Amino acid sequence: MIAIVDYRAGNLTSVARALQHLNVPCVVTDRAEDLRRAERVIFPGVGAAGEAMRNLRGTGLAGCIREVFDSGKPLLGICLGTQVIFEYSEEDNRTECLGIIPGGVRRFPSGMREGGDPLKIPHMGWNRVSLRGAHPVFAGLPENAEFYFVHSYYPAPSNGADVAGETEYGIRFASAVARKNLVAVQFHPEKSGRFGLRILENFSRWDGSHAQ
Amino acid sequence: MLSKRIIPCLDVRDGKLTKGVKFKGNVDIGDPVEVARQYYEQGADEIVFYDITASSEGRDIMIDVVRRVAETIFIPFSVGGGIRTLEDMRRVILAGAEKVSVNSGAVENPRIITEGAVAFGRQCVVLGMDVKKVEKSAKIPSGYEIVIQGGRKYMGIDALWWAKEAESLGAGEICLNSIDADGTLDGYELDLTHLIASRVSIPVIASGGAGRKEHLLDVLTRAKADAALIASIVHYGTYTIAELKDYLSGNGVKVREVW
């Protein structure tokens, strides 16, 4: 069973629908005991970091996420869930976050251009992810696969070894990070067609070990 | 580098497509869920549903269609048509749509844009604009005026002003439909698209007029659109989405090429 963490951060049913489509049992939950019992945990979310951290602290789920990571259980962060896994976010006048991965989350610089045209923020739409090395969660993806992004802030891990994949949008940023039993992606696998579903399916079978 | 998006638009009334959609092999299909699935599998980057249902019973049917689409395709899709209240928006989003599009409802009550952005996030709120070319005047300095009711009612609102206003109110994207070009198959309204796309900092989806593949190239390059809405050009089997993308890619436009 996969537990999808519900911390009032947007509509979480799309991740559940994608797992149901893959015939992977899942539950959307805000209860600590469900997270402890689950074999795997998905930490999604859409919205702003400040509000998300208030909800996570208020409900006690902040400590639970940390506990899930420390237990070695496979953990998948998606979008805002990925961002609050870092130490801090520049969003909402700097928000202190969970600090599971060293580094921060920064706003895309204004005035980015590409081929003479100004780049819009948020970064919204389909873009490539250049994977660094092999990881079981990203197995079987073609090199030119694209994923659906919607975000104005990007992950900036302190430790280069935590970067699992990179994306170009005005700058080059870490669109996927991996550390031990944690994989976290800035894009939405549940909205990224067949290759996104492949990531969810890989995760549903991953034991949390990081064999190269 | 971000891909330019190719977005088929499906018009739905009482839960059925208003026009059949022919795929290669000439099979005619009227079920929006089935057609959405086919376009998803054929490489659509997103799908737009436009609900032209008038009755409240028909609206409930549409919510059921949205729910079934969300169980079937795993790319973003938006739903528009008759959205007037926050509750209308909530129903569509909770049923599984990624985005909801407001058009005349926002012209009549601009606060709906802000309310939607606060409740669901800006990225969920698409402003649909129906626009007609008019004489430039003090009231309509851009020469493009907002119309509603399928172009029958002129609102005395300048299209460029409204686009910028909607952006500041919280719209996350604009779907810009030229009533003059719509249905002509003669190409998108490039001047209008360029005017709006170059003056707002949110993505602009160009709509109305696509009849040949060259039209998509023009609107995505010269007119600076972020995405192209297509209807007849794929519904009647003139091109597949893959053929359109191959052509665009061959002409230097970054598109999503594998799916």
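The values are calculated or read from the model by the stated rules, or taken from the named source; none is laboratory data. The model shown is predicted, which means the values in this text are computed figures rather than measured ones. Cβ: placed from backbone, ideal geometry, glycine included. Neighbour counts: every protein chain shown.
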Q. When you look at A:G99, is it assigned to a loop (DSSP other than H, G, I, E, B) and touching an Asp or Glu at 6+ places or on another chain (Cβ under 7 Å), yes or no?
A. yes
**Q.** Counted residues, the range B:198-220 - those being over 16 Å from A:K120 (Cβ atoms) and either of a type outside the set (K, R) or under 15 Å from the mean Cα position of the chain (by Cα) (or both)
**A.** 11
Q) When the residues of the range B:221-259 are filtered to those that are among the aromatic types (F, W, Y) and within 20 Å of the chain's Cα centre (by Cα), which remaining residue is farthest from B:E41 (Cα to Cα)? A) B:Y236
Q.
Can you tell me which residue is modelled with the lowest pLDDT among those in the range B:59-94 that are surrounded by fewer than 19 Cβ atoms within 10 Å (Cβ to Cβ) and facing chain A (nearest Cβ under 9 Å)?
A. B:L94
Q: Could you please find all residues in the range B:197-241 being under 24 Å from B:A166 (Cα atoms), in a loop (DSSP other than H, G, I, E, B) and of a type in the set (A, V, I, L, M, F, W, C)?
A: B:V200, B:I202, B:A223, B:A225
Q: Identify the residue in the range B:172-208 that is on the phi > 0 side of the Ramachandran plot and at pLDDT below 95 and, among all such residues, is surrounded by the most Cβ atoms within 10 Å (Cβ to Cβ).
A: B:L185
Q) When residues of the range A:56-113 are filtered for being surrounded by fewer than 17 Cβ atoms within 10 Å (Cβ to Cβ), in contact with a strand residue (DSSP E or B) (Cβ under 8 Å, 6 or more places away or on another chain) and on the phi > 0 side of the Ramachandran plot, how many remain? A) 3
Q.
Given the condition within 12 Å of another protein chain (Cβ to nearest Cβ) and under 16 Å from B:V131 (Cβ atoms), answer yes or no: does some residue in the range B:176-194 qualify?
A. yes
Q) Which of the residues belonging to the range A:123-146 are at the interface with chain B (Cβ under 8 Å from one of its Cβ atoms) and buried (at least 19 other Cβ atoms within 10 Å of the Cβ)? A) A:H123, A:M124, A:G125, A:W126, A:N127, A:R128, A:A145, A:E146
Q.
So in the range A:160-203, with the set limited to residues that are within 19 Å of A:G99 (Cβ to Cβ) and over 15 Å from the mean Cα position of the chain (by Cα), which one is surrounded by the most Cβ atoms within 10 Å (Cβ to Cβ)?
A. A:A161
Q: State whether the residues of the range A:94-111 include one that is over 16 Å from A:M53 (Cα atoms) and free of Cβ contacts under 8 Å to residues at least 40 places away in the same chain.
A: yes
Q. When the range B:24-35 is examined, which residues are found to be touching a Ser or Thr at 6+ places or on another chain (Cβ under 8 Å) and either of a type in the set (A, V, I, L, M, F, W, C) or within 17 Å of B:G96 (Cβ to Cβ) (or both)?
A. B:V33
Q. Quick check: is even one residue across the range B:184-196 in a loop (DSSP other than H, G, I, E, B) and of a type in the set (V, I, T)?
A. yes
(Q) I need every pair where a residue in the range A:61-84 that is aromatic (F, W, Y) has its Cβ under 6 Å from the Cβ of a residue that is assigned to a strand (DSSP E or B), sequence separation at least 6 or different chains. (A) A:F69/A:L75; A:F69/A:L182
Q: Quickly run through the range A:147-178 and pick out the residues that are among the small types (G, A, S) and within 13 Å of chain B (Cβ to nearest Cβ).
A: A:S152, A:G170, A:S175
Q.
Which residue is nearest to B:D226 (Cα to Cα), if the candidates are limited to the range B:127-178 and must be under 16 Å from the mean Cα position of the chain (by Cα) and of a type in the set (D, E)?
A. B:E173
Q. Given (1) modelled with pLDDT of 95 or more; (2) crowded, with 16+ Cβ neighbours inside 10 Å, where does B:G156 come up short, assuming only one miss?
A. (2)
Q. Residues B:E98, B:E57, B:E41: which one is farther than 30 Å from B:G252 by Cβ and of a type in the set (D, E, K, R)?
A. B:E57
Q: Filter the range B:1-33 for residues that are of a type in the set (V, I, T) and more than 14 Å from chain A (Cβ to nearest Cβ) and give the result.
A: B:V12, B:T18, B:V21, B:V27, B:I29
Q. Looking only at residues in the range B:41-54 that are buried (at least 23 other Cβ atoms within 10 Å of the Cβ) and under 15 Å from A:K191 (Cα atoms), which one is nearest to the other protein chains (Cβ to nearest Cβ)?
A. B:D45
Q. Among the residues of the range A:12-66 satisfying the criterion of being β-branched (V, I, T) and within 12 Å of chain B (Cβ to nearest Cβ), which is nearest to A:K180 (Cα to Cα)?
A. A:V15
Q: Having 1 or more residues that are touching a residue at least 40 places away in the same chain (Cβ under 8 Å) and either within 20 Å of B:L17 (Cβ to Cβ) or of a type in the set (D, E, K, R) (or both) is the bar; report the strands (runs of 3 or more DSSP E) wholly within the range B:54-150 that clear it.
A: B:77-80, B:99-102, B:125-133
(Q) Is it the case, given these coordinates, that B:R222 is within 14 Å of chain A (Cβ to nearest Cβ), touching a residue at least 12 places away in the same chain (Cβ under 8 Å) and over 23 Å from B:F77 (Cβ atoms)? (A) yes
